[in-house]
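Just below is one structure, and these are the notes that go with it.
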Amino acid sequence: MPANATPSNPIVLIPARMKSERLPDKPLADIGGLPMIVHVVRRAEEADLGRVAVACAEQEIADAVRDHGGEAVLTDPDHPSGSDRIWEALCTLDPDGKHDAIVNIQGDLPVLDPAVPRAALAMLDRAEVDIGAPAALIVDEDDITNPSVTKPVVAWEVDGSRGRALYFSRATVPHGPGPLFHFIGLYAYRRAALERFVKLPPSALELREKLEQLRPLEAGMRIDVARVDTVPLGVDTPADLEKARKILEQS
């Protein structure tokens, strides 16, 4: 692989499924007259990274995406993770391996800043990096001890714009004075890295922390983290949905 290994033909894949305990039928939730999943597709298109498709667990999602001009592919509804879902979708959509990188955008980010997935993909400009992902400075003190907020431990470079991930935890890490970061669950994979990742068994630390990104780290893969300005609103509850509606009404 050349020293400048920036992918030349990425694809954006958005995993989506209807099952959600706190917000049933979440992908189809109405926001300003459009299903939420369609808003996510449009944010992904605005990032201008390449082809965009939704990896659907159910036909209803595929129909909604296609009805609004998007591309969708049905996948096994029983996949254990979004990463497994996008790998199946990739193999269906691109069996010849033309797409050399995959940007995985979660299907509940209707107000995503397009700069965030661009920053994740930019981490793949170095041949030794397998996966890129973003993180933002924690500004809400409640997030410091909130186990729902994943904190990356990063060896930041001198300018602080990027760094190599050393660990991820739900605990407050690293210990001691200094900034803490909120990891954003959005990934850019080299194709070979995604294939290797989904074939690895769940790792011990992954199972303990319940954090999927620990699996590639334990296997010796490299994740570089891009520092971004804000954490996108993830829609997990009816209250989140109302926030998203207000944000998009004002945009």
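Centroid-to-centroid, using Cα positions, segment 59-98 and segment 130-173 are 29 Å apart. D94 contributes about 10 Å² of solvent-accessible surface, heavy atoms of the protein only, 1.4 Å probe. How much accessible surface does K246 have with a 1.4 Å probe, in Å² rounded to 10? Accessible area, nearest 10 Å²: 120 Å².
Sparsely packed loop sites in segment 153-198 (the trypsin sites (Lys or Arg not before Pro) outside DSSP H, G, I, E and B with at most 16 other Cβ atoms within 10 Å) comprise R170. In units of the compact-protein estimate 2.2 N^0.38 Å, segment 1-130 shows a Cα radius of gyration of 1.05. Test of understanding: in a Gaussian network model of the chain with alpha carbons linked when under 10 Å, which of A55, A204, A155 would top the mean-square fluctuation ranking? Of A55, A204, A155, the most mobile in the Gaussian network model is A204. Karplus-based coupling profile of segment 96-101, in residue order and whole Hz: 8, x, 6, 7, 9, 8, with θ = phi - 60° in 6.51 cos²θ - 1.76 cosθ + 1.60 and x standing for Gly or Pro. In this structure, the amide hydrogen of A101, modeled 1.01 Å from its nitrogen in the peptide plane, lies closer than 5 angstrom to those of N9, I11, R191, counting only residues at least 5 positions away or on a different chain. Note on K151: lysines with a C-alpha under 30 Å away, same-chain residues under 8 apart excluded, are K19, K26, K199, K210, K243, K246.
Taking each DSSP H run with n ≥ 4 as -39500 (n - 2.57) and averaging over every residue of the chain yields -8500 deg cm²/dmol at 222 nm. Label separation (R126 vs R51): 3.0 nm, computed from points 7 Å beyond Cα along the C-beta direction. Using 19 Å as the cut-off for backbone N distance, which residues of segment 64-80 belong to the label zone defined by a point 7 Å from the Cα of L207 along Cα→Cβ? Under cut-off, by backbone N: 80. Overall form of segment 123-216: oblate. Here a/c, set by the Cα gyration tensor axes a ≥ b ≥ c, is 1.5 or more, and a/b is not larger than b/c. Here segment 1-149 has 46 percent of its accessible surface on carbon and sulfur atoms, given a 1.4 Å probe and all protein chains in place.
The values are calculated or read from the model by the stated rules, or taken from the named source; none is laboratory data. Worth saying up front: this structure is predicted, and the values here are computed from it rather than measured. With ideal geometry, Cβ positions are generated from the backbone for all residues, glycine too; neighbour counts draw on all protein chains shown. In case anyone asks, the SASA skips ligands and DNA or RNA and just uses the protein heavy atoms, side chains included. Shrake-Rupley method; radii C 1.70, N 1.55, O 1.52, S 1.80 Å.
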